[in-house]
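Notes follow once the structure below has been shown.
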Amino acid sequence: MTLLTTPLGIAGLLSIFFMLFILANLSRRLGTVTKMKPYYRGFYVAMGILVLPLIVRMVLSPAGIQPDYLHSPAFYLFAYHLPFALAIVISCIVAWRYWGWLFRESQASGGQK
């Protein structure tokens, strides 16, 4: 089963990485038009943090023999789950700063078209 889920896990992390890259570029363009501060750099910070879980996912492939400490829950917590959660929280905050006006606009119009 891990032979199937490992490549899919890597592909999932790469898709999140690519999504953050697209959001960074769109937010940069929106920020230049609206003269906002460069908060879009937070997406690049999130992408940098997301590199660590990506490396961990690639290292823990089923093909090689790894030491026992790589399979401990503490290693997964500090090297995979916490950086992943931090990257997602940073990107959500930055996305809200740039794209929150869409929700406020739809609420102001009463949700009607």
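The values are calculated or read from the model by the stated rules, or taken from the named source; none is laboratory data. Here the structure is a predicted model, which means the values were calculated and not measured. Neighbour counts run over all protein chains shown; Cβ positions are idealised from the backbone, glycine included. When the accessible area is computed, the model is the full protein with side chains, heavy atoms only, and any ligands, DNA or RNA have been set aside. Shrake-Rupley method; radii C 1.70, N 1.55, O 1.52, S 1.80 Å.
In region 43-61, of all residues being open to solvent by less than 50 Å² (accessible area, probe 1.4 Å), in contact with a helix residue (DSSP H, G or I) (Cβ under 7 Å, 6 or more places away or on another chain) and at pLDDT 95 or above, the one that is farthest from LEU82 (Cα to Cα) corresponds to PHE43.
A single member of GLY9, GLY31 is open to solvent by less than 90 Å² (accessible area, probe 1.4 Å) and over 21 Å from ILE93 (Cβ atoms), and it is GLY9. The residue pairs whose first member lies in region 90-108 and is at negative phi and at pLDDT 85 or above, whose second member is in a helix (DSSP H, G or I) and of a type in the set (Ser, Thr, Tyr), and whose beta carbons are closer than 8 Å, counting only pairs six or more residues apart or on different chains, are VAL94/SER27; ALA95/SER27; TYR98/SER27; TRP99/SER27. Of the residues making up region 19-28, those that are closer than 17 Å to CYS92 by Cβ and open to solvent by 80 Å² or more (accessible area, probe 1.4 Å) number 3. Here region 93-113 is the region considered, the condition is being loosely packed, with under 12 Cβ neighbours inside 10 Å and under 13 Å from SER27 (Cβ atoms), and the residue that is nearest to the chain's Cα centre (by Cα) is GLY100.
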